[in-house]
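Notes follow the structure.
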Amino acid sequence: QVQLVESGGGSVQAGGSLRLSCAASGRTFSRYVMSWFRQAPGKEREFVAGIKWTGGRTYYADSVKGRFTISKDDAKNMVYLQMDSLKPEDTAVYYCAADSNWAISTVTSDYEYWGQGTQVTVSS
């Protein structure tokens, strides 16, 4: 079992930056894929970025590639999402998720564990 808690959300102006954090605890999760998803009002939850805990391979949605960076801190059992050059369309609730599969999946239903979400609001 894995428990996930997000933090770091807030309100910023377009072009600004924000860093989200995901604290993982529980059973060992070195084999897990850790990803960030987001959901805007009236929209379906969508994949943002993912990272393999072992090896550190990353994968990004086209909409955030070049602007967002996912990373991890093994010692702290933390996963981060550094968001730069934020746009109003990035406004959403951001969720941390864990998947026990080897490959990074972009499919919401593939993820076993979810955090409670943290709100990110980008104003123009």
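Okay, here's what the table says:
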| read-out | value |
| --- | --- |
| 1.4 Å probe accessible area per residue over the chain, in Å² | 51 |
| Under-5 Å amide H pairs with TYR113, H placed in peptide plane, nonlocal only | ALA98 |
| Nonlocal Lys pairs with alpha-carbon distance under 23 Å, the chain (8 or more apart, or different chains) | 6 |
| The stretch 1-99: relative contact order as a whole-number percent, Cα under 8 Å and 6+ apart | 35 |
| DSSP-defined antiparallel bridges as percent of all bridges, the chain, nearest 5 | 90 |
| Debye log10 I(q)/I(0) at q = 0.15 Å⁻¹ for the chain, Cα point scatterers | -0.60 |
| Most to least accessible of VAL33, VAL107 (protein chains only, probe 1.4 Å) | VAL107, VAL33 |
| Accessible-area composition of the chain, carbon plus sulfur, in percent [1.4 Å probe] | 46 |
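The values are calculated or read from the model by the stated rules, or taken from the named source; none is laboratory data. Remember, it's a predicted structure, so these values are computed and weren't measured experimentally. The protein model used for the area step is the full one, side chains on, heavy atoms only, and it has no ligands, DNA or RNA in it. Shrake-Rupley method; radii C 1.70, N 1.55, O 1.52, S 1.80 Å.
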